[in-house]
């Protein structure tokens with residue numbers, strides 16, 4: 001079933017992609033959070049590493065240093081080892097952190113124990129090695145003691161020196177008045193008893209839960225040291241969640257693109273074949289390499305192309321047959337005309353010869369119309385556009401029509417000689433000739449010919465007459481081959497129903513339109529053919545092989 005439907009394959013591929021992207025996102029979150037947790041641990045210990053290093057450096061001799069370390073170990077309730085530096089194998093990153101007077105933290109995920117390594121300020125040969133298994137409130141309340149022990153050497157300048165060491169701490173530290181803190185009476189009482197307190201704050205913001213440590217300053221009754229707020233580690237902060245989501249969607253979109261590329265490639269091949277078909281080239285065939293919807297589309301296109309080719313060949317055969325069938329009676333009529341030489345009545349013989357000769361000429365004209373129409377109908381003709389003075393074409397048709405002595409009045413509203421347009425002279429002459437001939441055939445007495453350039457850069461020719469006009473609902477039919485609007489328009493009135501079809505075809509290949517409305521001046525029909533006055537190519541072939549079927553631009 002999957003191989004017969006490209007969409008089911010895409011859906012199945014999407015399910016697999018979603019699972020893979022979810023696994024990728026989970027692993028990525030774990031890796032990023034491991035690194036974030038390590039950076040979080042180091043950021044919490046950097047400040048205290050600096051303070052402890054400063055405290056030890058102030059001790060005048062080694063014994064006092066050992067005593068200070070012992071007191072610190074008892075205060076923190078954590079084992080602190082004074083070890084030689086060459087006994088500890090440091091990585092390059094750890095050594096760099098110690099040089100910057102920061103702490104190096106080693107985390108054992110199995111035992112959940114952190115090992116903190118602290119460098120000493122004036123003793124590069126030794127390191128402090130702290131083993132931290134559980135961090136309780138006791139360790140947290142002991143932290144302000146180390147900070148206050150550092151500040152005791154700077155009486156009256158506590159705030160200034162606190163600001164100096166701030167950059168070693170990842171959380172803020174400040175000395176504030178106890179009255180400015182949102183504390184209850186119990187908490188204030190504990191501060192007066194020289195006890196540190198811990199404040200927990202839950203927030204709906206990105207920071208989440210935070211901890212602040214408030215410790216009294218022995219030398220002041222109103223000021224306290226506030227360390228924090230320190231945000232607790234957030235395993236999925238907004239920035240990380242947004243980043244992982246966007247990255248996952250990007251990976252998913254790449255996967256979807258990979259699923260759609262084969263179908264896109266096949267559809268592009270179908271589009272290419274259709275474009276070639278528009279130009280009249282039906283030789284392109286699509287490979288049918290699957291049984292899904294796209295494969296079915298390719299198979300249908302191939303069948304359609306074969307069918308259209310057969311229709312075109314059948315049409316060509318028909319045109320050749322019609323041409324042959326029409327020329328055969330012409331030959332017979334001419335043969336019969338020669339036979340009339342034996343006719344005894346001279347006047348009758350001449351009259352019959354004249355009638356036969358007219359039929360011959362009419363048949364030849366019909367053949368010429370059919371062949372011209374077929375040439376324009378079957379494909380893109382070769383158009384050799386050139387710069388043409390529009391007046392010359394209109395005036396030539398006027399002179400040729402007047403020479404036929406039709407008895408109708410022809411008027412030319414001549415465009416200026418400066419009006420020059422791009423056109424194929426032979427086909428433009430045919431357009432004007434057919435329109436004028438059609439107007440002469442159905443007018444009462446007057447035909448008006450005009451042409452020029454419109455404001456939108458379109459060239460146009462216009463032929464109007466004072467005849468009965470064409471009903472609006474019938475105007476689209478006059479462009480159909482061999483179409484007649486009523487029985488009165490038979491061969492007796494002249495024409496074969498191909499003249500306007502040829503005009504419509506030429507208008508299409510010129511890239512223009514032909515339209516019909518009522519003449520505002522003469523009251524009859526008005527035909528207007530408009531086309532771009534400047535063509536993109538002097539010699540071109542229109543790319544579309546089949547025009548739109550509408551009243552204004554049917555070809």
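Coordinate-derived values only; no laboratory data. Just so it is clear, the structure is predicted and the values come from calculations on it, not from any experiment. Note that we place each Cβ from the backbone using ideal geometry, even for glycine, and neighbour counts take in every protein chain shown.
Below, the figures for the structure above:
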quantity: Net length gained if the chain between residue 67 and residue 139 were fully extended (0.36 nm per residue, minus Cα distance); calculated: 24.0 nm
quantity: Two-site FRET efficiency, residue 384 against residue 418, from Cβ-Cβ distance with R₀ of 22 Å, rounded to 0.05; calculated: 0.45
quantity: Extension gain, residue 194 back to residue 278 (0.36 nm per residue minus Cα-Cα distance, nm); calculated: 20.9 nm
quantity: Inter-label distance, nm, simple model (7 Å from Cα along the C-beta direction), residue 96/residue 293; calculated: 5.5
quantity: Label-to-label distance, nm, for residues given as residue 160 and residue 409 (7 Å Cα→Cβ offset); calculated: 11.5
quantity: Ranked list, fewest to most other Cβ atoms within 10 Å of each Cβ, for 522, 282, 193; calculated: 193, 282, 522
quantity: Exposure proxy ranking, count of Cβ atoms within 10 Å, fewest first, for 427, 200, 115; calculated: 200, 115, 427
quantity: Ascending count of other beta-carbon atoms within 10 Å, so fewest first, for 141, 96; calculated: 96, 141
quantity: Sites residue 38 and residue 269 - FRET efficiency at Förster radius 56 Å, r taken between beta-carbons, to 0.05; calculated: 0.55
quantity: Whether region 381-540 is rounded, prolate or oblate, judged on the alpha carbon gyration tensor where a/c under 1.5 counts as rounded; calculated: prolate
quantity: Cα centroid separation - region 149-176 against region 57-84, whole Å; calculated: 22
quantity: Segment residue 242-residue 121, length gained on full extension (0.36 nm per residue, minus Cα span); calculated: 39.4 nm
quantity: Computed E for residue 176/residue 209 - FRET, C-beta separation, R0 30 angstrom, nearest 0.05; calculated: 0.90
quantity: Distance between modelled label sites at residue 313 and residue 331, nm, 7 Å Cα→Cβ extension; calculated: 2.7
quantity: For region 1-108: rounded, prolate or oblate by the Cα gyration tensor [a/c cutoff 1.5]; calculated: prolate
quantity: Global geometry of region 136-235, whether rounded, prolate or oblate, following the gyration tensor of its Cα atoms and the 1.5 cut on a/c; calculated: oblate
